[in-house]
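Engineer: The structure's right below; bear with me while I get my questions together.
A short reminder: the numbers here are calculations on the coordinates, not readings from a lab. Note that the coordinates shown come from a computational prediction; the quantities given were computed from them, not determined experimentally. Here Cβ is always computed from backbone atoms with ideal geometry, including for glycine, and neighbour counts include all displayed protein chains.
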Amino acid sequence: MANEAFDKPSEVQAVDGEVTVIGPGRTGLSFTSKAARETAERLRSAAEDAESAVPTKSD
């Protein structure tokens, strides 16, 4: 991976009928509600995959 992963969640707001994602860092995006819902589902799924790939302390 080229960049270090952020350990701080983004700020998310509904603005003028769109979903705006700001940060961390200089990250900024706007989605339609449909694209935001699909992105949220993909993020949830990828987060679950990432969590299952990290060994627990008892391993």
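Engineer: Compare the Cα positions of 29, 39, 6 along the charge dipole of the chain (+1 at Cβ of Lys, Arg; -1 at Cβ of Asp, Glu; about the Cα centre) and return the one farthest towards the positive end.
Structural biologist: Highest projection toward the positive end goes to 29.
Engineer: Using Cα atoms only, what is the angle between the long axis of helix 33-53 and the major principal axis of the chain, expressed in degrees (0 to 90) to the nearest 10?
Structural biologist: With both axes taken from Cα atoms, the answer is about 10 degrees.
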